[in-house]
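What follows is calculated from the coordinates using simple rules that are stated; it is not laboratory data. Given the structure is predicted, the values throughout are model-derived calculations rather than measurements. Here the Cβ positions follow ideal geometry from the backbone for every residue, glycine too, while neighbour counts run over all protein chains shown.
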Amino acid sequence: MRAGARASAGLAVAGAAALAYAALVEVRWYALREVTVPVLPAGQDPLRILHLSDLHLVPGQRRKVDWVRDLASLRPHLVVDTGDNWSHLDAMPDLLHALEPHLAGPGAFVLGSNDYVAPVPKNPARYLLPDARRHSPKKTVELPWRELAARFASAGWIDLTNRRDVLKADGRVLSLVGTDDAHMNRDHYPPAAGTDDARTGSTPIDLHLGVTHAPYRRVLDAMHADDVDLAIAGHTHGGQLALPFWGALVTNCDLDTSRAKGLHGWPGPRPDRPGGADSTWMHVSAGLGTSPYAPVRFACRPEATLLTLVAP
C-alpha cells in the first residue's frame, strides 16, 4: 500500500473513531461544573445557584433524567433554567420527572426556541453558517409550551419572559430580569418601572440577576446597562463540536466563540478583584443535550453548573 493510501486509510479510521466517541460516549458523559463568582455584597455568606440549560429531552433518556434529579443533592438556594428543555412532543412526563425535586425550591426560568417548536431533520452542517436561522425549515410542530410554563409557574418558579420580578433565596432578596428567546427575535427587554428598580427601589436588594436563553449581544448590552450583577444564558451548547486546545467553532448567535461557555465578563474581561473593570459577569452553559438530529458532542461535554456566589 502506498504511503498516501495508508495515510488516507488512517485518517478515515481516526475520523470514524472520533465520530463514534462523539455519538456514543461524550454526548452522554454529563459533567457538573463548579464556578465561583465574586459578586455578593461584602460580608455575605455564599449563595448557590444551579444553572440548568438545553436538556433537549426526548422520551427514553432515563440516564439524563436520573442525573438531573440527582443534582438536587447539591441543595442549591436557587435553580435557574435557561430553556430548550425538550425536543419531542411526548417529553413532558420525563421532563417533569427530571425537574420534580428542583421545582420544590425557589427557581426562575425562560424558554428557548425548542421549548416552542420541536426540531426537524436538517443538515447538521448548517450550524457552521453565519446565521443558521436563515436556512431553518418552515414546517415545524408546536410543543405545548404554555402548559410547560404553567407547570413551572404553578410550582413556584418565576417566569422571566420579558419581565422583571423579585424573590427571596436563603434570606437574600434577588431582583430578576429576563427576556424571551433572542434567537427567535422574541426578546423585548423590560424597562424598569420608574424608580422602583433594582438599585433605587423601596426594597433593598442583595443581587440583580439577568436571565436569557440565547446570549445575543443586544441582550447582554441591555443587561450591562441595567446594572445586572450576573447574566445567565445557555443556547450555544458550548459550540457542541469543539477542537481540542482551540475551543468552539460556532455559537449559533452573535456571541464570540471565546465565550461560548463558562464565566466571562461582558463587554470585556472582569478581573476577580474589587474595583475591577466596569463589566458584567456572564455565565453561559454548554447545556446537557443536543438536537435529536445531531446527537454528537466532541471536546465539549454536556453540563450543568453549580454557581457559588461569594463576596469579593
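The table below lists the values:
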{"read-out": "Extension gain, Thr140 back to Val120 (0.36 nm per residue minus Cα-Cα distance, nm)", "value": "6.5 nm"}
{"read-out": "Förster radius 25 Å - calculated FRET efficiency between Val35 and His188, Cβ distance, rounded to 0.05", "value": "0.30"}
{"read-out": "Spin-label proximity, Glu147 to the stretch 90-112 - amide N less than 13 Å from point 7 Å beyond Cα toward beta carbon", "value": "90-96"}
{"read-out": "Computed E for Leu89/Asp227 - FRET, C-beta separation, R0 45 angstrom, nearest 0.05", "value": "0.65"}
{"read-out": "Peptides 47-57, 29-39 ordered by average Cβ neighbours within 10 Å, highest first", "value": "47-57, 29-39"}
{"read-out": "Cα centroid separation, the stretch 234-250 to the stretch 136-181 (Å)", "value": "26 Å"}
{"read-out": "Label-to-label distance, nm, for residues given as Arg217 and Trp246 (7 Å Cα→Cβ offset)", "value": "2.3 nm"}
{"read-out": "Stretchable slack from Leu306 to Tyr293, in nm (0.36 nm times residue separation minus alpha-carbon distance)", "value": "1.8 nm"}
{"read-out": "Euclidean distance of C-alpha centroids, the stretch 206-221 and the stretch 44-67, integer Å", "value": "20 Å"}
